[in-house]
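The values are calculated or read from the model by the stated rules, or taken from the named source; none is laboratory data. On a predicted model such as this, the values are computed, not experimentally measured, just so you know. No Cβ is skipped: glycine too gets one built from the backbone with ideal geometry, and neighbour counts run over all protein chains shown. Heads up: the accessible areas ignore ligands, DNA and RNA and are worked out on the full protein's heavy atoms, side chains in. Shrake-Rupley method; radii C 1.70, N 1.55, O 1.52, S 1.80 Å.
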Amino acid sequence: MAFTVSRDKLSTVNVWQVTTSTDFELGPFPDAPGYETAAKLDEEDSLAKYRERFVVHDPTLIYLDGNSLGRQPREAREIVDQVMSPEWSERLIGSWNDRWWDLQLDLGDLLAPLVGARPGEVVVSDSTSVNLYKLAGAAVRARPDRTRIITDDLNFPTDVYVLDGLARSHGLELTVVPSDQTFGPVEEILEEIDDRTALVSLSHTAYMSGYTYDMGLINAAAHDAGALTLWDLSHSAGAVPVDLEGTRTDLATGCTYKYLNGGPGSPAFLYVRESHQRSLENPIAAWWGHTSPFDMSLEFEPTDGIRRFHTGTMPILSLAAVEPGIRLALDAGIEAIRRKSVLLTSYFIEQWERHLARLGFELASPADPDRRGSHVSLRHDDGWRVTRALIEIAGVVPDFRSPDTVRFGFAPLYTSFSEIHTAVQRLERLVEQGMHETIDASRTKVT
Ligand SMILES: *Cc1c(COP(=O)(O)O)cnc(C)c1O
């Protein structure tokens, strides 16, 4: 199987192509250990029915990258078609009044229960990177006498870049607390938080190891010291229950294109606790955050409520496509999604122990499901070529994170236990036969 990128990228559709030059056995493998367990778990799976709500173009392709780009909900096409016509083609600018003007807030309210927020506290807007800048910027402005921002080295690079840039432009110090690369350095973070700290900003579930923080614990320590907290929920939203209200979180943001299946580059969401909405200032003062944008006044007057964290006009086609993924997660229920997620990752770890540990794969995620999100990472000395071989020869799509980590994402709405069984069998056979060694070691842009 190969991903062919055509020369004329703007006009030609790129497709997954099944290569016929290999006779690699794709399974299923009913004689291999663990097969019956997987079949039984699938039979008892109350969420199995959601798989058909997604486009599954090639059932032999095992997609374990829903933590990077979720599958396409069937309803997405219909929703985008509706924006194309009649909303854009017939109603033209009238659609702003019909539906588009409030769409970011409506989608925010729809998403709110998935992260334990109340209506009016969430808005779908911009990208996660831009939202981080807006929220972290608002936080440091609200603590003008303080000089520090704290994060950790498990955080996603864009988060650290944004925080670092902001710290430099405000003359603050960014402390990046070191970890062992798997577990969050909780004790060390608690020790670092002091009365000079303006903001503590972390990923709830770490993108690499899948470690999941106890938000309430960090929030309480930050608040005791008078600091604010900003959580990145990108690897949790739609997979790991989050209680923004109960944990007394101040600020949060996250992607909608991962477990929320909103589509490539779909707008992110942001959360501002209701009690902060009046006092915090969006550092990108822009016209959608103005009290009356169409007065066209040159004086900026921030509006009330979550709209204050708007910037400018959003890509409505992408924004509209976010709705079906949120609805599917709500319909399935985040608690049921979590229950299945824990079973999926636990089953995978069991299979790793049995089949992959002896082949040089090392577990790089927490073994304790309470401290783990919905993906599991394995380290391998030849991780890059193993990943490419899985994709190109074995029809299994995980992703690779430098220098040696292969991430396997399990999306409870469409990943089955039997797929995991088959994927591990394919991986075991591939490495046993040394097939990954046939792969060119040079790197593609996205893996
Ligand atoms: C995926 C991800 C992002 C991506 O940010 P974009 O602005 O959408 O590119 C940021 N932070 C975390 C933790 C992520 O997992």
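Data table
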quantity	calculated
Helix axis angle, 157-170 relative to the chain longest principal axis, alpha carbon, degrees	20 degrees
Principal semi-axes in Å for the stretch 20-124 [√(5λ), Cα gyration tensor, largest first]	40, 21, 11
Rounded tilt (10° steps) of 383-392 against the dominant C-alpha axis of the chain	70 degrees
Where the chain is the region considered: accessible area per residue in Å², 1.4 Å probe	43 Å²
Inter-part distance where the stretch 144-182 and the stretch 52-111 are each reduced to a Cα centre, Å	34 Å
Lysine pairs in the chain with Cα atoms under 27 Å, if 8 or more residues apart or on separate chains	9
Mean separation of Cα contacts under 8 Å (6+ apart) over length of the chain, as relative contact order %	22 percent
Phi-based couplings in Hz for the stretch 339-352 (Karplus 6.51, -1.76, 1.60; Gly and Pro marked x)	4, 5, 4, 5, 5, 5, 5, 5, 5, 4, 5, 4, 5, 4
Vicinal HN-Hα couplings computed from phi for the stretch 243-255 (Karplus, 6.51 cos²θ - 1.76 cosθ + 1.60; Hz; Gly/Pro x)	10, 4, 5, x, 8, 6, 5, 7, 9, 7, 8, x, 7
With every protein chain in place, the stretch 121-269: carbon and sulfur % of accessible area (1.4 Å)	50 percent
Angle between the chain longest axis and helix 215-224 axis [Cα atoms, degrees, rounded to 10]	30 degrees
When the convex hull of its Cα atoms is projected in every direction, mean area for the stretch 262-387 (nm²)	12.2 nm²
Förster radius 51 Å - calculated FRET efficiency between Asp195 and Thr313 (Cβ-Cβ, nearest 0.05)	0.80
Modelled label reach - Ser127, point 7 Å along Cα→Cβ, the stretch 228-253 residues with backbone N closer than 20 Å	231-237, 252-253
Convex hull (Cα only) mean projected area of the stretch 75-331, reported in nm² to one decimal	13.5 nm²
Dipole moment magnitude, nearest 20 debye, the chain about Cα centre, only Lys, Arg, Asp, Glu C-beta charged	680 debye
Two-site label geometry, Glu362 and Glu75: point separation in nm, points 7 Å out along Cα→Cβ	4.5 nm
Binned Cα-Cα distances of the chain, short to long, each 20 Å bin given as a whole percent	25, 54, 20, 1
Amide proton proximity set for Arg372, modelled H, under 5 Å, gap of 5+	Thr212
Surface accessible to a 1.4 Å probe, Met208 within the full protein complex, Å²	40 Å²
